[in-house]
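Visitor: One structure, pasted below without further comment.
The values are calculated or read from the model by the stated rules, or taken from the named source; none is laboratory data. Just so we're clear, the structure is a prediction, and the values are computed from it rather than from any experiment. Glycine also receives a Cβ, built like all others from the backbone with ideal geometry; neighbour counts cover every protein chain displayed. To get the accessible areas, we keep the full protein, side chains included, count just its heavy atoms, and leave off ligands, DNA and RNA. Shrake-Rupley method; radii C 1.70, N 1.55, O 1.52, S 1.80 Å.
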There are 2 protein chains.
Amino acid sequence: MNEFNEYFKSAFTVDNVIFGFDEGDLKVLLIKRGEDPYRGKWGLPGYFVYPNEDLDTAAIRVLEELTGLRNVFLEQVKTFGSVNRHPFGRVITVAYFSLIKISHYTLQPSSIARKAKWHSVSEVTGLAFDHDEILKACFHRLKWLVRSRPVGFELLPPKFTLTELQHLYEAILETSLDKRNFRKKILSMDLLIDLDETQEGVAHRPARLYQFDRNRYEELLSEGFSFELKESKKKERTTERAASSSPQTA
Amino acid sequence: MNEFNEYFKSAFTVDNVIFGFDEGDLKVLLIKRGEDPYRGKWGLPGYFVYPNEDLDTAAIRVLEELTGLRNVFLEQVKTFGSVNRHPFGRVITVAYFSLIKISHYTLQPSSIARKAKWHSVSEVTGLAFDHDEILKACFHRLKWLVRSRPVGFELLPPKFTLTELQHLYEAILETSLDKRNFRKKILSMDLLIDLDETQEGVAHRPARLYQFDRNRYEELLSEGFSFELKESKKKERTTERAASSSPQTA
DNA sequence: TCAAAAGTGTTTTGGATACACCCATGG
DNA sequence: CCATGGGTGTATCCAAAACACTTTTGA
């Protein structure tokens, strides 16, 4: 160790970008910081990695302390280690993101959890540290991942409608999709179980409910199947409401 | 700082998977370790990150000390931090990979460089630390990257033939490609400059030389162009020699 | 009976694949 | 003149894209 002692003076943390999906909108769980540095600012949930803890374990711990959830989709994205990113010293952080079913999330009793709140990803800005950049990197990774692997289901309740699924994809990919083509594509993959149930209590024709068939996916995978949604060069999603006849002050 | 002192006892390093392409084969530059731990084993080039050094800078430094090269393609891939991965203490390492033109590589005078040697990626095994795993992760990332962005050119000399380019893709993707279809696809992207020169001194019809048009790529990018080579579900590259008429014992 | 979202098929188009022969050079 | 890789075109197939109306429910 001798000559290398100089180097054993750093700390490292994990930060976890926790995504959820609600009201047709992609959300991220943020913490209002109650202590320095950046007191009062919103930031990503994270903490120092314990001396005897693996990185993934630390990320799982942070997630569980906040949400009570275990066995959740979680993936390492990128490590941020600019010299001056942390005022306490040299701290590098390993960024993870996780996907949770927001309906399963319940406020935890821990003091940290009481400071947590969901924010629309598209509206988040001005976070503590370099967390804006971290969020951006994780969102970018999610965008890619959702087109290459069937992870979208991690964000939906166990039973969902095709329209909900489509809205999820539209929110993540920031695009609009054609209803018929989307359904054709998804159903042709043979990854959904038609539950033969329908929504109840909606003021319109109730939609069929589906479930993701994880076993079938594993099976297809081993046969060389590759989940793949094309990168659509389509128009940005717009707030589809042109100047109707709402009177404007001229 | 006070209460957090416990955490400021870790070190971190960068490891750099340096890829090159030669003799139709994807290579990686490894170091024969002259010191403990893992003395005598091959390992990835890497070193501690200096207290006032950014991660990327450290990776660039490691690369330059070894190869003398600057302004090289380099990308962070993943961070490895198992509790016991390093016998000296808690050391997490940030893995990078870089792509260099092997023809530009010349043996550096530094003592470290004298222990470096190119190895075929497909044959490497039994590296120091968790470097097998790191190499695997970087190779996997390269495989993905080469299909999504025109980075293959980083591994070729400035002037190359289409067949060389095809062989490069075949080596990285571990597959075989159809010559006519490959050419059609690549040329249709309008990213290559036909130099109107040909090979010299080859014992067959000399091939035309091409150059990657980086400016054109930037231009196309800004127009929304997306480089994309499909994931071919084709046969593994085989040593194309089936039982011809060689007699089998019946 | 109205509003609101669910559900459904066909045609067109473009890109991926499969495939085989002649060409230019050095030895 | 032979061996070696260079270079080229077409037909087929399949998946993506474009596109509009009817159905079911609650209010």
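Visitor: Would you confirm whether or not region A:38-47 contains a residue that is more than 14 Å from chain B (Cβ to nearest Cβ), open to solvent by less than 20 Å² (accessible area, probe 1.4 Å) and in a strand (DSSP E or B)?
Guide: yes
Visitor: Moving to a separate point now. Of all residues being within 11 Å of DNA strand C (Cβ to nearest atom) and over 26 Å from the mean Cα position of the chain (by Cα) in region B:181-215, which is modelled with the lowest pLDDT? Just the residue, please.
Guide: The selected residue is B:201.
Visitor: A further question follows. Pairs please, first residue from region A:191-202 and within 14 Å of chain B (Cβ to nearest Cβ), second anywhere and more than 9 Å from DNA strand C (Cβ to nearest atom) and at pLDDT 95 or above, Cβ atoms under 7 Å, 6+ apart in sequence or on different chains.
Guide: Close Cβ pairs satisfying both conditions: none exist.
Visitor: Restricting region B:58-75 to residues that are farther than 16 Å from residue B:154 by Cα and either buried (at least 16 other Cβ atoms within 10 Å of the Cβ) or hydrophobic (A, V, I, L, M, F, W, C) (or both), which is farthest from the other protein chains (Cβ to nearest Cβ)?
Guide: Ranking the qualifying residues of region B:58-75, first place goes to B:66.
Visitor: Okay, next question. Just to be sure, is residue B:20 touching a strand residue (DSSP E or B) at 6+ places or on another chain (Cβ under 9 Å) and more than 8 Å from chain A (Cβ to nearest Cβ)?
Guide: Taking the combined requirement at face value, the residue satisfies it.
Visitor: Right, something else. Identify the residue in region A:48-57 that is under 26 Å from residue B:59 (Cβ atoms) and within 8 Å of chain B (Cβ to nearest Cβ) and, among all such residues, is surrounded by the most Cβ atoms within 10 Å (Cβ to Cβ).
Guide: A:49
Visitor: Go through region B:48-98 and report how many residues are at pLDDT 95 or above, outside any loop (DSSP other than H, G, I, E, B) and polar (S, T, N, Q).
Guide: The qualifying residues number 5.
Visitor: Here's a follow-up. Just to be sure I understand the filter: pairs with C-beta atoms under 6 Å, separated by 6 or more residues or on different chains, first member in region A:80-94 and outside the structural domain of residue A:131 (by TED's automatic domain parsing), second member buried (at least 16 other Cβ atoms within 10 Å of the Cβ). Which pairs pass?
Guide: none
Visitor: Given the criterion under 30 Å from residue B:95 (Cβ atoms) and among the polar types (S, T, N, Q), identify the matching residue among B:188, B:148.
Guide: Only one candidate passes the filter, namely B:148.
Visitor: With the requirement that a residue be among the charged types (D, E, K, R), within 19 Å of residue B:175 (Cβ to Cβ) and assigned to a loop (DSSP other than H, G, I, E, B), what does region B:19-37 give you?
Guide: Residue satisfying the conditions is B:23 alone.
Visitor: Which residues, counting only those in region B:165-192, are near DNA strand D (Cβ under 10 Å from one of its atoms) and open to solvent by 70 Å² or more (accessible area, probe 1.4 Å)?
Guide: Selection gives B:167, B:179, B:180, B:181, B:183, B:184, B:187.
Visitor: Quick check on region B:154-164: of everything there that is open to solvent by less than 10 Å² (accessible area, probe 1.4 Å) and either within 14 Å of chain A (Cβ to nearest Cβ) or more than 10 Å from DNA strand D (Cβ to nearest atom) (or both), which residue is farthest from residue B:194 (Cα to Cα)?
Guide: Applying the filter and picking the extreme gives B:155.
Visitor: What tally of residues in region B:221-236 results from selecting those that are loosely packed, with under 10 Cβ neighbours inside 10 Å, within 7 Å of chain A (Cβ to nearest Cβ) and at pLDDT below 85?
Guide: Going through region B:221-236 one residue at a time, the tally reaches 1.
Visitor: Please state which of the following conditions residue B:213 fails to meet, knowing it meets all the rest: (1) within 17 Å of residue B:228 (Cα to Cα); (2) near DNA strand D (Cβ under 10 Å from one of its atoms).
Guide: The one condition residue B:213 does not meet is (2).
Residues are listed down the side, and each one gets a yes or a no for (1) within 30 Å of residue B:79 (Cα to Cα); (2) in contact with a helix residue (DSSP H, G or I) (Cβ under 8 Å, 6 or more places away or on another chain):
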| site | (1), (2) |
| --- | --- |
| B:128 | yes, no |
| B:142 | yes, yes |
| B:156 | yes, yes |
| B:181 | no, no |
| B:185 | no, no |
| B:198 | no, no |
| B:201 | no, no |
| B:208 | no, yes |
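Visitor: For residues that are open to solvent by less than 20 Å² (accessible area, probe 1.4 Å) and either among the hydroxyl-bearing types (Ser, Thr, Tyr) or farther than 19 Å from residue A:36 by Cα (or both), tally how many sit in region A:122-145.
Guide: Qualifying residue count for the region: 5.
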